[in-house]
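Engineer: Following this message is one structure expressed as structure tokens.
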Amino acid sequence: MEKVVRQHLEMEQFFSGFIATSKPRQQVPPNQQDQRAVSEKLSLLEELAEQIRECRKCALGALRTNAVPGEGNPDARIVFVGEAPGADEDAQGRPFVGRAGQLLDRIIEACGLRRGDVYIGNILKCRPPDNRDPRADEIISCLPYLQRQIEVINPEVIVALGAHAARTLLNSTKSIGQLRGHFHEYCAGLGRPPIKVMATYHTAYLLRNYSQENRRRVWEDMKKVLAELGLPIPQAPRR
């Protein structure tokens, strides 16, 4: 037990204590046109969330406590996508609020960002029983909601957390080990430019498979995302 606690503390420390290499860019006050665009996005996402809460397209709709539509900045440059809600998410109706979510929060903060700067969602909007893997029919029923959310937000980068999210978004059968570490393209629809996708390990996987190498791989993936967006890449302070 002491070893497990020590490992988790080391993981927390790994994704905290980073310092930015340059001063944060000053926020430019949005003009009225930008404000209207963001307000419209927010309204569309709220409409989608209500549809998701009423959805009964698959059997999961009758088993859930709460649907978990997703949450975050409607004008986010980064969208994080996991596979499905867990027990904590089902209880609260919010994505990534359990231990895996707390680790995701620390990773986001290590990037010099806040949870409210990004958007967080899942392939499935309802928890599968006993956290089993999503089934094909469930993905087929639920995926259009996520596709519409991505269409509304129009992010610059999608971070696919884990194999199920990455394979679904990229229509691939490759392993997460094969997909992570470099950019792919998500087809955003006819007439729309593709969106870059970075696949990386799910934070729940990191909690189950503790190793310095796995954590470092995730951080290397996130540094590539920051570089793609032209954001400063924090560095660990010298010890």
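Engineer: For segment 58-161, state the semi-axes of the equivalent ellipsoid (square roots of 5 times the eigenvalues of the alpha-carbon gyration tensor), sorted largest first and rounded to whole angstrom.
Structural biologist: 22, 16, 10
Engineer: Could you tell me how far the Cα centroid of segment 34-60 sits from the Cα centroid of segment 118-135, in Å?
Structural biologist: 17
Engineer: Each residue of segment 81-89 in turn: what ³J(HN,Hα) in whole Hz from Karplus with 6.51, -1.76, 1.60 and θ = phi - 60°, glycine and Pro shown as x?
Structural biologist: Rounded to whole hertz, the list is 10, x, 8, 5, x, x, 5, 5, 5.
Engineer: Pairs of lysines 8 or more apart, or on different chains, with alpha carbons under 17 Å: count those in the chain, would you?
Structural biologist: So the count of such lysine pairs works out to 4.
Engineer: In debye, nearest 20, what is the charge dipole magnitude of the chain about its Cα centre with +1 on Lys and Arg Cβ and -1 on Asp and Glu Cβ, if you could check?
Structural biologist: Dipole of the chain, to the nearest 20 debye: 660 debye.
Engineer: Give the relative contact order (percent, whole number) for the chain; include only Cα pairs under 8 Å separated by 6+ residues.
Structural biologist: Averaging sequence separation for qualifying contacts and normalising by length gives 23 percent for the chain.
The numbers here are math on the coordinates, done by the rules we state, and not lab data. Computed from a predicted model, the values in this text were never measured in an experiment. Please note: Cβ atoms are built from the backbone with ideal geometry, for glycine as well, and neighbour counts cover all protein chains shown.
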